[in-house]
1. Suppose we keep only residues that are within 15 Å of the chain's Cα centre (by Cα) and β-branched (Val, Ile, Thr) within region 35-79. Which one would you say is surrounded by the most Cβ atoms within 10 Å (Cβ to Cβ)?
2. Taking the criterion of being at pLDDT 90 or above and over 17 Å from the mean Cα position of the chain (by Cα), would at least one residue in region 27-34 satisfy it?
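The values are calculated or read from the model by the stated rules, or taken from the named source; none is laboratory data. Being a predicted model, the structure only gives us computed values, none of them experimental. Using ideal geometry, Cβ is built from the backbone for each residue, glycine included, and neighbour counts are taken over all protein chains shown.
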Amino acid sequence: MEEMRIPFQHAGLVTTRAQLAKSPAIARRVIKSFVEGIHLATVNPEIPKKAFRKYLRLQQKRELEDAYQIMRGFLPRKPYPTLEGFKAVRRARRANPGGQNCRPQRFRRHPIP
């Protein structure tokens with residue numbers, strides 16, 4: 001989908017408003033760790049390549065580099081959700097009757113209390 005320029009939410013963090021209200025400090029730490037992980041994977045290619053070796057069992061240098069470049073292609077520098085991505089997910093879920101009735105704006109970034 002990335003090569004075809006189809007917007008899609010590849011990864012993200014999800015929680016409830018109740019959990020945010022209950023534990024805002026935990027939410028901040030999780031988000032900070034998520035962003036730091038994106039930065040680390042972007043500036044230090046050996047870290048994700050080590051994970052690719054271990055979990056995807058990629059060993060060839062070319063395979064590792066290809067996987068890293070693919071990851072960099074869809075890994076956002078700033079992990080904000082997009083309305084276009086949510087709309088694409090909603091369209092993909094046409095089989096779920098409740099999925100079509102939701103408004104993508106409801107799922108956008110909410111401030112942490």
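1. Ile38
2. no
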